[in-house]
């Protein structure tokens, strides 16, 4: 049986900004341009996460059928309506 190794959350640091599992930390005084740059980085991550969740959903449906539906209900952090939106986003790309 496979075991799940829980890894500590990775932080993303860009300039003065540090995104953590619990929020955003800002060190110093960022310039307007660095603030905009970090916003663009967040937007790209947002899009990538939706595609990853879409891949995860499609794989689970294909590989596990009914067991997928049961497992999906227990996945914390994403509601069913969000999963449908992520899946549609994936299928449209």
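The values are calculated or read from the model by the stated rules, or taken from the named source; none is laboratory data. Worth saying up front: this structure is predicted, and the values here are computed from it rather than measured. All Cβ positions, glycine included, derive from the backbone under ideal geometry; neighbour counts span all protein chains shown.
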Inset, instruction - Could you tell me whether region 58-67 includes any residue that is at pLDDT below 80 and within 27 Å of residue 14 (Cα to Cα)? - result: no
Inset, instruction - Considering every residue within region 69-79, establish whether at least one is surrounded by 11 or more Cβ atoms within 10 Å (Cβ to Cβ) and either modelled with pLDDT of 85 or more or part of a loop (DSSP other than H, G, I, E, B) (or both). - result: yes
Legend entry - Of all residues making up region 21-34, the number that are outside any loop (DSSP other than H, G, I, E, B) and surrounded by 14 or more Cβ atoms within 10 Å (Cβ to Cβ): 1
